[in-house]
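Below is one structure; the comments refer to it alone.
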Amino acid sequence: MRRLFPYKKLITLILLVAASVFLMNITGSSGDNPSLWEKLLWKGMQPFLGGFLAVKHKFDEYSVLFQQKEALLEENRELKSRLDSLESLLIRLKEIETENQRLKELLGFREQLEQEYKAADVIGRSPSKWFSTITISLGSEDGVTVDAPVISRKGLVGRVLKLDARSAQVLLLTDPESGVGALISRSRDYGVVVGGSGPDTLVMRFFSKDADVRPGDQVLTSGVGSVYPEGLVIGEVAEVYVPQPGLVKECYVKPAVDFAHLEEVLVMIR
């Protein structure tokens, strides 16, 4: 053991010198002339640095793609919202165009009438399934009176039943309480048209047993009475029948007006 002691000192001395040389190589080399140890260390780290840089590059690519995707999604949502708004606007414009066309036709029809009429919008309907009454946007302040005839471009609608200052309730021809003097345009046979048979059917009862009436005949107001003027279209004969043997003929009349889809009417101003 004593013989190894001098060698132990020698080994320690060699290790200290090697460590000094290592430290001198690391700390004492210039940037332009790296030491051997730096070269070895750098060479050993290159695979790890290459992998790290590759991963960082991919991460940056995915980050850019994610940001682009979010921007595209936001742009898509904005474009979809604009498209929905444009579609709504287009529907509204078509509705306005259709309404203007109806009003133009209605006003053109009004010019052909002898009496004075004012145009009104339908702003309410009766809750009954037959739409026996409607509410219109003209009232007493507009010159409307009770029993004033109400018509559409296609024919007779009914008469004013109740009045407010700026609105009126109209009793339709289809109501059971409604009745109007009528005649067959072709044969000039007179009768009375009454409601109560449903929203699409009226009944005409004739004054004469020998009334000449056929399916397809046009039914007009006769002017008999003080409510409706003569010559307004009521509808067309759909079916002729005799209620019981020996009684006067009657007929079903299909109204000229589609009461379920009325939107604008004309009201006579007396």
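Remarks
- Cα-based Rg of segment 179-256 normalised by 2.2 N^0.38 Å, two decimals: 0.98
- Long pairs among K162/K249; K118/K209; K118/K249; K154/K249; K69/K94, criterion Cα-Cα beyond 32 Å: K162/K249; K118/K209; K118/K249; K69/K94
- On the beta carbon distance between E239 and K69, with R0 = 51 Å, the FRET formula returns roughly 0.15.
- Spatial separation of Cα centroids for segment 197-270 and segment 136-160, in angstrom: 19 Å
- Three-way shape label, segment 117-172, alpha-carbon gyration tensor, a/c 1.5: oblate
- Proximity of backbone amide H atoms, modeled 1.01 Å from N, is registered between A182 and G191, V192, V193, S222 at under 5 Å, excluding neighbours fewer than 5 places apart on the same chain.
- Extension gain (nm, one decimal) between L86 and K162, 0.36 nm per residue minus Cα-Cα: 23.2 nm
- Farthest toward the positive end of the dipole of segment 142-222, out of L156, T145, S178, is the Cα of L156, where the dipole comes from beta carbon charges about the Cα centre.
Rule-based calculations on the coordinates, nothing more; no lab input. Only a predicted model underlies this, so the values are computations on that prediction, with no experimental measurement involved. When we count neighbours, we look across all protein chains shown, and the Cβ atoms used for this are built from the backbone with ideal geometry, even at glycine.
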